[in-house]
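In what follows, a structure is listed as structure tokens, so that the remarks can point back to it.
The values are calculated or read from the model by the stated rules, or taken from the named source; none is laboratory data. Given the structure is predicted, the values throughout are model-derived calculations rather than measurements. Cβ atoms come from the backbone with ideal geometry, glycine included; neighbour counts cover every protein chain shown.
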Amino acid sequence: MSNKKIGLLSLTALVLSSMIGSGIFSLPQNMAAVAGGEALILGWIITGIGIIFLGLSFFFISRLRPDLDGGIYTYAREGFGDLVGFLSAWGYWLCATIGIVGYLVVAFEGIGSFTDSESNIIFGQGNTLASFIGASIIVWLVHALVASGVKEAATVNLVATFVKVFPLVLFIGLAIWYFKGETFNQDLQGTALNNSVSEQVKNTMLITLWVFTGVEGASVLSAHAKKKSDVGLATVLGILIALVLYIAITVLSLGILPRETIAAMSNPSMAGLLETMIGSSGKILITFCLIVSVLASYVSWTMYSAEVPYRGAKNGAFPKILDKLNANEVPINSLWFTGFVVQFCLFLVLLTGKSYNALLLISTSMILVPYFLIGAYLLKLSFQQNSAWYIKLTGFIASIYGLWIVYAAGLDYLLLSVLLYAPGIGLFLYSRYQHQGKALNLSTFEKTLLVLIGFLFIWAVYNSFTNVDWS
């Protein structure tokens with residue numbers, strides 16, 4: 001069996017790589033489309049505070065309960081029982097799996113910008129037959145890489161993370177040089193958007209949440225860390241680096257071109273902005289780095305997607321067949337399971353022609369509840385262990401932030417997530433029966449929760465047929 005473990009630098013790179021995927025390259029346009037400069041800054045302040053306290057929640061939980069491995073699933077199960085733990089794991093696994101399908105789609109859309117023309121579309125929006133074949137090859141190459149060992153995959157990810165961060169730092173340096181105060185001050189309050197500043201701030205929340213998805217990466221792979229104390233530290237370091245990059249890129253962009261111009265750009269909008277500053281080579285550089293970035297993120301998210309069902313299987317929440325390690329201590333059956341699901345989703349993308357944006361919407365909706373449960377568990381744990389006041393405060397603020405993003409997402413997103421949570425209930429009941437070998441023994445709380453989910457599922461089905469277009 002392999003005894004290779006991941007150090008602080010590689011853990012931090014995993015957190016950073018999983019957060020900095022494709023979203024950052026489209027962030028200037030995404031934010032400019034919904035908010036003026038004033039609301040944008042306020043949105044980052046709220047998100048920055050919330051996400052830092054969420055990161056600190058992972059930090060403190062890893063110190064209060066260093067015996068817990070598996071991150072999001074394990075924390076939710078310890079805090080609120082088997083069913084809530086399963087729902088957190090199921091939601092997170094769906095977020096990760098659908099998200100990595102999105103990475104493959106956007107990677108081949110980026111490749112298409114080099115190869116396609118109006119008369120000869122090869123890769124299109126990442127949803128053509130050529131994209132399907134190319135993405136399928138990558139799925140199984142990454143499968144082989146991760147199966148060879150978590151340490152090896154983390155090392156590849158570390159190198160790729162340095163490659164992807166370089167152009168971001170270059171962009172920030174050039175943006176500082178080309179920044180114009182008078183351009184930044186145009187429509188600072190986003191008057192042309194016909195929304196109040198508070199509504200604009202609310203509209204930034206899902207965008208900012210999406211680009212921080214992956215903050216939990218170190219905790220998910222905590223069993224593979226050289227030192228458990230590195231888990232929380234890597235999380236906080238990754239958040240701080242990403243936050244600085246995100247704020248700098250979005251705020252400085254508004255000083256290069258007017259908000260309305262950026263909002264009308266095609267994505268990745270960073271390519272258009274860099275082209276404005278240094279010419280066509282800027283667009284080529286950003287598009288190339290986008291491809292490298294999403295493929296690196298695909299590696300890290302594949303590792304997370306394989307780890308969560310394995311941890312669930314060890315505790316009776318997922319089928320026993322997923323509770324198996326290969327000679328390299330990789331959860332191999334869980335990895336196969338994830339690979340086949342990704343392959344199936346790619347086939348659906350080919351059939352339906354759905355784009356990256358549709359996958360992003362679905363993926364983001366699934367992470368809302370798991371993130372709330374992290375803060376809630378720290379709050380509960382801090383009172384159980386009579387921890388210091390600042391640990392209790394951290395759990396409280398992280399919980400409030402979790403509730404805020406659910407509110408900011410809106411009812412449609414919540415109901416969309418219920419549509420995907422509900423099918424997992426059958427898997428949970430089967431797995432629990434399989435592991436216990438007897439009739440199900442659900443608590444009153446779990447029975448009540450199942451009834452509530454059933455009611456919300458009926459509402460969500462009705463809503464999807466009458467009000468919402470998920471495309």
Q: List every residue pair whose Cβ atoms sit under 6 Å apart, with the two residues 6 or more apart in sequence or on different chains, where the first one lies in region 191-216 and is farther than 15 Å from residue 42 by Cβ and the second, anywhere, is outside any helix (DSSP H, G or I).
A: 213/367; 216/71
(Q) Scan region 323-333 and tell me whether some residue there is in contact (Cβ under 8 Å) with a residue 24 or more places away in the chain, of a type in the set (Lys, Arg) and assigned by TED's automatic domain parsing to the domain that holds residue 210. (A) no
Q: Please tell me if residue 290 is in contact with a helix residue (DSSP H, G or I) (Cβ under 9 Å, 6 or more places away or on another chain), modelled with pLDDT of 85 or more and within 27 Å of residue 169 (Cβ to Cβ).
A: no
Q.
So residue 48 passes all but one of these: (1) at pLDDT 80 or above; (2) surrounded by 24 or more Cβ atoms within 10 Å (Cβ to Cβ); (3) under 21 Å from the mean Cα position of the chain (by Cα). Which condition number does it fail?
A. (2)
Q.
For region 433-452, check the following and say yes or no: at least one residue is surrounded by fewer than 16 Cβ atoms within 10 Å (Cβ to Cβ), at pLDDT below 80, under 20 Å from the mean Cα position of the chain (by Cα) and outside any loop (DSSP other than H, G, I, E, B).
A. no
Q | Among (1) surrounded by 24 or more Cβ atoms within 10 Å (Cβ to Cβ); (2) part of a helix (DSSP H, G or I); (3) within 20 Å of the chain's Cα centre (by Cα); (4) not aromatic (Phe, Trp, Tyr) - the single one residue 21 does not satisfy | A | (2)
**Q.** Failed item in (1) of a type in the set (A, V, I, L, M); (2) assigned to a helix (DSSP H, G or I); (3) over 25 Å from residue 284 (Cβ atoms); (4) in contact with a Ser or Thr (Cβ under 9 Å, 6 or more places away or on another chain), with residue 111 passing the rest
**A.** (3)
Q: Counting only residues that are modelled with pLDDT of 80 or more, give me the helices (runs of 4 or more DSSP H) lying completely in region 327-417 with at least 2 of them.
A: 332-352, 368-384, 389-409
Q.
Of everything in region 51-77, what is of a type in the set (Lys, Arg) and surrounded by 21 or more Cβ atoms within 10 Å (Cβ to Cβ)? Give them in sequence order.
A. 77
